[in-house]
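Structure first, commentary second.
FYI, it's all coordinate maths here, none of it is from the lab. None of the values given here were measured: they were computed from a predicted structure. Cβ atoms come from the backbone with ideal geometry, glycine included; neighbour counts cover every protein chain shown.
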Amino acid sequence: MKFIVGEDIVLMSSEEKAEVLEKHGLNKPVFEQYLNYIGSILKGDLGYSYRSQKPVTDIVSERLPWTLLLSITNIILSTIIGVAMGTWAAWNRGKKIDIVLNNIFVFFRSMPSFWIGMIFIAVFGARLGWFPIFGAQSVWAGYMGFEKIVDIAMHLIMPTITLVILSVSSIYLTMRYSMIDVLGEDYILMAKMKGLSDKKVRYTHAMRNALIPVVTIVMLNMGYMVGGATIIETVFSYPGMGRLLFEAVTNRDYPVIQGCFFMITICVIAANIIADFIYPLLDPRVV
Amino acid sequence: MALLEVRNLTTYYETKIGYNEALQGLSFDLEAGGILGLIGESGCGKSTAGFSMMNMIEYPGKIMDGEVILDGKDLIKMDRNELRKVLWKDIAMIPQSAMNALNPAYKVGKQILEAIKLHFPEMSQEEAVAKVEHLLNLVGIDAKWYHGYPHKLSGGMKQRIIIAMALSCDPKVIISDEATTGLDVLIEAQILALLKKIALDRGLGLIIISHDLNMVTAICNRIGIMYAGMLVELTTTENVLRNPKHPYTRALFSSQIDSKDFDKKVTSVDGVVPKLVNPEDKCRFYDRCNRKFEMCERKCPSLISISDNHRVACYLEGDNHE
Ligand SMILES: Nc1ncnc2c1ncn2[C@@H]1O[C@H](COP(=O)(O)OP(=O)(O)OP(=O)(O)O)[C@@H](O)[C@H]1O
Ligand code: SF4
Ligand SMILES: [Mg+2]
């Protein structure tokens, strides 16, 4: 028991102990606990936080939108930047621009995320004061309407940039590699021989085929991106699931931890389902 | 004036140890309605010649010299934008890897349509689609395949689609690089008959790159024999069969081995093809030639006229003795 709820339990009297165990169903056999857990998930009940006693469903759904906002913005931006730069580099393979881009992205890839975040906070937040360094919005300011959107966007910028720096490299590298591969295909030479413009060749004939592995990478990285968000959300005190998970782990708040993992799993599964819809659009061989 | 004049076309590939002189000084004329066969063993530079004529050589290849004059305009001097207007509209090519020349992501009809719409922007959508369907029928493919994706087609069907594609913009010259290799005999005969008919009817110039001696002698009115990046003999089909001059041509055509198989005939000529990277300046056929003499080792012979319509690169013929 000690391992589950921590030191506090040692200080409890045996009645208190029994009460707590009863309340959370921890006195039942493990298998029954598991069935109960599955059963309540189906009813949309993820249990109660050990710490705040609030329903986990409420806690998680309060945080989820922020993580989604952060992750989706990140995925969109990383994909656009990675794909555009990867295509550009592949088209100019071996030339100066390709080498410069490669070095930039490999550099991005090798930087630790929390460190980038801290540098950003120190420079653009604290020193220059351009961006807020804490939270997802200025709750106390009571902004409404458009001002509120701007406020949220301002809070979003630094964590997003940090996350993009983290996730863009793998997309860039995948796109570049896949594009180089496709550009060597016979149908690309054919497209050029037909007299199509470079732009047409690149965007209609090459891009579509080159994107297929990128979709796979983005979707596979979805879990990783949410994981990356844990650190970033913590550094920027962003009230998303990542930070919630961090807090829950610190507090050994197991139902909340489970709730977080459950939601992350749902997100990853959803991402895979979306990918399954995108594949056939890109590649007619996948039906 | 000839429809297509190729002059001293020379293409090298960059390698770590120097240039691979894959195509050296190719020159010939092609008349409207003329069908020229280019034959030679694997690696002798046939495909390189084809792509060079389209000015479509890509890194590590480089066209070092030469002219390809079509309608009085030199394709080699054109920049990419000028070239784009001429490619496919005036000169089209069926590449050797025709099976892989279709983009897997688009319907085959669309891919033919794309070329037509590009080069005939004034044509209406219905007209263009009708033209594609007509072309498909021409190469023996049901028009319903317009909406098919390449992965649903057999290799032979893809090849025929590419042939249809080559015909799509009514070019003046078509280069066919082993276009019918691998098709079954009946289809091959049909396609070749079709190409020949179109060549004669429309005054199209046809260049047929092939391994198949029988096919080339049956369909072409002139034949160029290539060896190690160079044209060694260029003459009428008649002359090639009755009066071959170059020792290599002789070996190929008067060979005792009565086989259709080109490769068997080639190996009946002893010796190996010289390396093309930094080759020595001697006749490239020297090592395999059974009539070589001292002169052949000093300098590579060039293709000279020995009579009307008959050109040979060998010191035994004509006034090639300097
Ligand atoms: N992309 C390339 N890069 C480097 N070398 C090449 C390239 N393409 C061809 N070569 C070289 O150029 C020479 C001629 O090749 P080419 O493909 O033109 O021969 P070919 O006559 O078409 O042969 P095949 O009958 O096998 O098709 C060969 O030595 C080959 O190694
Ligand atoms: S030039 Fe000499 S080596 Fe070359 S083909 Fe003629 S005889 Fe043979
Ligand atoms: Mg070839």
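Per residue of B:97-105, count partner chain C-beta atoms within 10 Å of its C-beta, then hand back the mean as an integer. Walk me through the numbers before you get to the answer.
Numbers: counts 5, 2, 1, 5, 8, 3, 12, 7, 14.
The mean count of partner-chain Cβ atoms within 10 Å per residue comes to 6.
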If amide H atoms are built 1.01 Å from N in the plane of the peptide, which residues on other chains or at least 5 residues away come under 5 Å of the amide H of B:Ile304?
-> B:Val312, B:Ala313, B:Cys314
Simple spin-label estimate for A:Ala84/B:Tyr286, 7 Å along Cα→Cβ, in nm, reads 5.9 nm
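Using DSSP to define loop residues, name the GluC sites (Glu not before Pro) in segment B:1-79 whose beta-carbon has at most 16 other beta-carbon atoms within 10 Å.
On the way: sites: B:Glu5, B:Glu14, B:Glu21, B:Glu31, B:Glu41, B:Glu58, B:Glu67; in loops: B:Glu31, B:Glu41, B:Glu58.
Answer by residue number: B:Glu31, B:Glu58.
Using DSSP to call loops (not H, G, I, E or B), can you name the GluC sites (Glu not before Pro) in segment B:68-131 whose Cβ has at most 15 other Cβ atoms within 10 angstrom?
Qualifying residues, ordered by number: B:Glu122.
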Compare the Cα positions of B:Asn103, A:Tyr238, B:Ala128 along the charge dipole of the protein assembly as shown (+1 at Cβ of Lys, Arg; -1 at Cβ of Asp, Glu; about the Cα centre) and return the one farthest towards the positive end.
-> A:Tyr238
Could you give me the ³J(HN,Hα) list for segment B:73-86, computed from phi with Karplus coefficients 6.51, -1.76, 1.60 and θ = phi - 60°, whole Hz, x at Gly and Pro?
-> 10, 8, 5, 5, 7, 6, 7, 3, 5, 5, 4, 4, 6, 8
Divide by every residue of chain A the summed helix terms, -39500 (n - 2.57) for each DSSP H run of at least 4, and state the resulting mean residue ellipticity at 222 nm, rounded to the nearest 500 deg cm²/dmol.
-> -24000 deg cm²/dmol
Fewest to most Cβ atoms within 10 Å: A:Thr204, A:Thr265, B:Thr180, A:Thr230 sort as A:Thr265, A:Thr204, A:Thr230, B:Thr180
Cα centroid of segment B:275-291 to Cα centroid of segment A:183-210, whole Å = 39 Å
Please list the non-local residues whose amide H lies under 5 Å from the amide H of B:Met93, H modeled 1.01 Å from N, same-chain partners needing a gap of 5 or more.
-> B:Ile175
Over segment A:56-282, with a single point scatterer placed on each C-alpha, what log10 of the ratio I(q)/I(0) does the Debye formula yield at q = 0.15, 0.17, 0.18 1/Å?
-> -1.03, -1.20, -1.27
Non-local residues with an amide H under 5 Å from the amide H of B:Thr11, with H modelled 1.01 Å from N and Pro and chain starts lacking one, are B:Leu23, B:Gln24, B:Gly25, B:Met64
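What does the charge dipole of chain A about its Cα centre add up to, to the nearest 20 debye, if the Cβ of each Lys and Arg holds +1 and the Cβ of each Asp and Glu holds -1?
Details: 24 positive and 22 negative charges, 270 e Å.
It comes to approximately 1300 debye.
In debye to the nearest 20, how big a dipole does segment B:37-132 give about its Cα centre with +1 on each Lys and Arg Cβ and -1 on each Asp and Glu Cβ? Could the numbers behind the result be given before it?
On the way: 12 positive and 13 negative charges, 56 e Å.
Dipole of segment B:37-132, to the nearest 20 debye: 260 debye.
For the peptides B:131-139, A:149-157, what is the packing order when you average, over each peptide's residues, the other Cβ atoms within 10 Å and list the highest mean first?
On the way: B:131-139: 18.4, A:149-157: 15.8.
In decreasing order of mean packing, B:131-139, A:149-157 become B:131-139, A:149-157.
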Determine the dipole magnitude for chain B: charges of +1 sit on the beta-carbon of Lys and Arg, -1 on that of Asp and Glu, nothing else is charged, the reference point is the Cα centre, and the result goes in debye to the nearest 20.
-> 520 debye
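Would you list A:Trp91, A:Trp115, B:Trp88 from fewest to most Cβ contacts within 10 Å? Don't skip to the end; give the middle numbers.
Values: A:Trp91 18, A:Trp115 11, B:Trp88 25.
Least to most surrounded, the residues fall as A:Trp115, A:Trp91, B:Trp88.
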To the nearest Å, what is the center-to-center distance of segment B:189-218 and segment B:13-28, using C-alpha atoms only?
-> 28 Å
May I ask you to evaluate 6.51 cos²θ - 1.76 cosθ + 1.60, the Karplus curve with θ = phi - 60°, for each residue of segment A:132-140 and list the ³J(HN,Hα) values in order in whole Hz, giving x for glycine and proline?
-> x, 10, 9, x, 10, 6, 8, 4, 5
Specify the angular offset, from 0 to 90 degrees and rounded to the nearest 10, of the alpha carbon long axis of helix A:241-251 from the longest principal axis of the alpha carbons in chain A.
-> 40 degrees
Anchor B:Lys73: aspartates and glutamates whose Cα lies under 13 Å away (excluding residues fewer than 8 positions away in-chain) | B:Glu5, B:Glu82, B:Asp90
For segment B:239-250, Karplus couplings with θ = phi - 60° (6.51, -1.76, 1.60), whole Hz, Gly/Pro x | 5, 4, 7, 9, 9, x, 10, 5, x, 5, 4, 4
Across peptide A:181-189, what mean number of C-beta atoms from other chains lies inside 10 Å of a residue's C-beta?
-> 4
For chain B, find the longest principal axis of its Cα atoms and tell me its angle to the long axis of helix B:108-119, 0 to 90°, nearest 10.
-> 80 degrees
Along the charge dipole of segment A:75-181, which of A:Tyr172, A:Ala136, A:Ile75 sits closest to the positive end, that is, farthest toward it, with unit charges on the beta carbon of Lys, Arg, Asp and Glu (+1, +1, -1, -1)?
-> A:Tyr172
For the protein assembly as shown, with +1 on Lys and Arg beta carbons and -1 on Asp and Glu, the positive-most of A:Gly39, A:Val256, B:Leu138 along the dipole | A:Val256
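Averaged over peptide A:206-219, how many Cβ atoms belonging to another chain are found within 10 Å of each residue's Cβ? Intermediate results must be reported in sequence, preceding the final value.
Values: counts 2, 1, 4, 4, 0, 1, 1, 0, 0, 0, 0, 0, 0, 0.
The shielding value for this peptide is 1.
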Please determine, in degrees from 0 to 90 and to the nearest 10, the orientation of helix B:155-167 with respect to the longest principal axis defined by the Cα atoms of chain B, where the helix direction is its Cα long axis.
-> 90 degrees
Starting with the fewest neighbours, write out B:Leu167, B:Leu186 ranked by other beta-carbon atoms found within 10 Å of each beta-carbon.
-> B:Leu186, B:Leu167
In a Debye calculation with equal point scatterers on the alpha-carbon sites of the protein assembly as shown and no solvent, what is log10 I(q)/I(0) at q = 0.10 Å⁻¹?
-> -0.93
